[in-house]
Structure formats: structure tokens, C-alpha cells
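Visitor: Before anything else, here's the structure in question.
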Amino acid sequence: MAKGPLAVRWGPAPTLSPQAGVVDTVRVELANAGTISWGDRIRLAYHWLDDRDNPIVWDGERSLVPGLGPGERATVEGRVRAPMPPGPYRLAFDLVAEQRAWFSELGSPTLSLDLEVAPRDGEPHADLPPQLEAAPDWAARVRAAHAEGYGVVAGAIDWPGARRPRALAAYAPGPGRVPGFAGPLLAPSVLPGVELERLDDVEGLPAYAAPRDEPWVYDGRIVLRARR
């Protein structure tokens with residue numbers, strides 16, 4: 001066990017059944033194994049690694065840790081967002097002294113457990129107005145993207161004829177995903193529990209702001225067709 005100014009001693013590993021992209025609340029037992037008291041910059045966080053400890057997601061969400069003196073212990077409630085896509089991962093809990101170092105970089109062990117991250121569950125829902133119809137492969141593509149971990153899935157608008165409205169120029173069907181898509185999401189598919197901000201319609205189509213705290217994707221291969 002590492003011993004120094006900043007060190008941690010872990011309790012038993014918590015039980016987790018993670019789904020891709022979903023946040024779980026966990027309770028982690030820990031103790032101050034160092035020689036100084038913890039201030040308000042100490043946080044519980046985590047890393048998602050592969051089976052060789054290569055980082056997949058290094059900088060996990062932070063959770064508050066109480067100010068513990070040397071030898072004192074506590075149970076900390078933390079938030080853990082599972083990685084995407086589903087598959088086998090190693091979850092390593094770590095403490096971080098903000099703007100200084102991870103405890104593991106100072107010689108403290110992480111609290112690690114090997115997990116199988118499951119596909120994201122939930123029945124998707126999309127409010128499609130009567131002027132839109134789904135392409136034949138729309139439902140399959142939407143479900144596959146949700147299973148990867150995305151809570152919100154949006155795609156392109158196929159407009160009949162040559163005179164495509166200027167407002168829909170960004171929504172032309174394309175070859176794949178557009179990271180950080182800048183436009184509103186039109187008639188997206190949403191999993192239960194996810195709330196979106198409603199925006200003004202775009203060419204009479206329901207528009208929503210992309211969520212800030214939920215994985216989402218825009219994919220030009222996911223197509224809704226405007227009726228003539």
C-alpha cells in the first residue's frame with residue numbers, strides 16, 4: 001500500500017450492471033491512507049480501460065468526497081457513465097486532487113473490476129408528423145444506434161423534387177455520422193427518461209436542441225422522407 005501525503009485505501013468493489021452510455025449511481029467505500037487531511041479539491045472519479053489497462057475513457061465524471069483526516073473512512077456516492085459501445089471493459093475507480101494529480105499517479109492503487117457493458121435498453125419513441133415517413137431501414141438503424149448507448153438519435157430529411165428548402169440544406173442524406181452536428185435535431189428518436197428542449201419548427205418539422213447531458217448522434221444514413 002502506498003504511503004505519502006495523498007493516498008487512498010479502498011473497501012470492497014461495488015456491484016454494477018452497466019449499460020452503454022447510461023449513468024449509474026454507485027456507493028464506494030474508501031479511507032484516507034495518507035498523512036494529510038483531504039481538502040475540497042479531492043474528488044472520486046474513474047477510468048474505463050481495456051483488459052491491458054489501456055485507457056478508453058480516462059477522465060470520468062467527478063463526485064464529491066468528504067474532507068477526511070488520516071485514517072478516517074467514508075462511503076461516497078458517485079456517478080459513473082458507462083462507455084460506448086457495449087463490450088468488455090475494466091472500470092478503475094481513482095481519486096483526483098484537482099489541478100494536481102490522480103492518486104494512482106502518486107502510487108495509490110485503483111479499485112478495479114472487469115465488467116461486460118451491455119447494450120442500452122429501452123423502447124425508442126419518435127413523434128413523426130404526417131408529412132414525414134420513415135425509410136425502410138430507419139427503424140433498424142435507429143435501434144442499433146440506441147443499443148450502442150445513444151439516448152437520442154436523429155438523421156437526415158429526404159426532400160422530394162429539386163427545390164429543397166434552404167433551411168433543410170444541412171439535412172441532406174449523407175454517408176454517415178456528423179460529430180457535433182450544429183443544427184437542431186428534426187423528429188429525433190428518444191429513449192424513455194430523456195427530455196429534449198423544443199425549438200421552433202424547421203420547414204414545419206418538429207425541431208429539438210441536442211441534449212447537453214446525454215449521448216446523442218446525428219447520422220445522415222438515418223432517413224425520414226418528406227411526403228409530396
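Visitor: Quick check on my filter: what residues within the stretch 178-211 are open to solvent by less than 90 Å² (accessible area, probe 1.4 Å) and assigned to a strand (DSSP E or B)?
Guide: Of everything in the stretch 178-211, those that are open to solvent by less than 90 Å² (accessible area, probe 1.4 Å) and assigned to a strand (DSSP E or B) turn out to be LEU185, LEU186, SER189, VAL190, LEU199, ASP201, VAL202, LEU205, PRO206, ALA207, TYR208.
For (1) hydrophobic (A, V, I, L, M, F, W, C); (2) touching a residue at least 24 places away in the same chain (Cβ under 8 Å), each residue gets a yes or a no:
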site: VAL117; (1), (2): yes, yes
site: ALA144; (1), (2): yes, no
site: ILE157; (1), (2): yes, yes
site: ALA162; (1), (2): yes, no
site: LEU186; (1), (2): yes, yes
site: PRO192; (1), (2): no, yes
site: LEU205; (1), (2): yes, yes
site: TYR208; (1), (2): no, yes
site: ARG228; (1), (2): no, yes
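Visitor: If you scan the stretch 128-177, which residues turn out to be of a type in the set (A, V, I, L, M, F, W, C), assigned to a helix (DSSP H, G or I) and open to solvent by 10 Å² or more (accessible area, probe 1.4 Å)?
Guide: TRP138, ALA139, ALA140, ALA144, ALA147, ALA167, ALA169, ALA170
Visitor: Tell me, please, whether a residue that is under 19 Å from the mean Cα position of the chain (by Cα) and within 16 Å of LEU111 (Cβ to Cβ) can be found in the stretch 7-16. Walk me through how you get there before you give the answer.
Guide: Taking the stretch 7-16 and keeping what is under 19 Å from the mean Cα position of the chain (by Cα), we get 16.
Right, trim to within 16 Å of LEU111 (Cβ to Cβ) and you get 16.
Looking through the stretch 7-16, at least one residue is under 19 Å from the mean Cα position of the chain (by Cα) and within 16 Å of LEU111 (Cβ to Cβ).
The values are calculated or read from the model by the stated rules, or taken from the named source; none is laboratory data. In this text the structure is predicted, and so the values were computed from the model without any measurement. Using ideal geometry, Cβ is built from the backbone for each residue, glycine included, and neighbour counts are taken over all protein chains shown. For the accessible areas, the whole protein counts, side chains as well, though only heavy atoms, and no ligand, DNA or RNA atoms are used. Shrake-Rupley method; radii C 1.70, N 1.55, O 1.52, S 1.80 Å.
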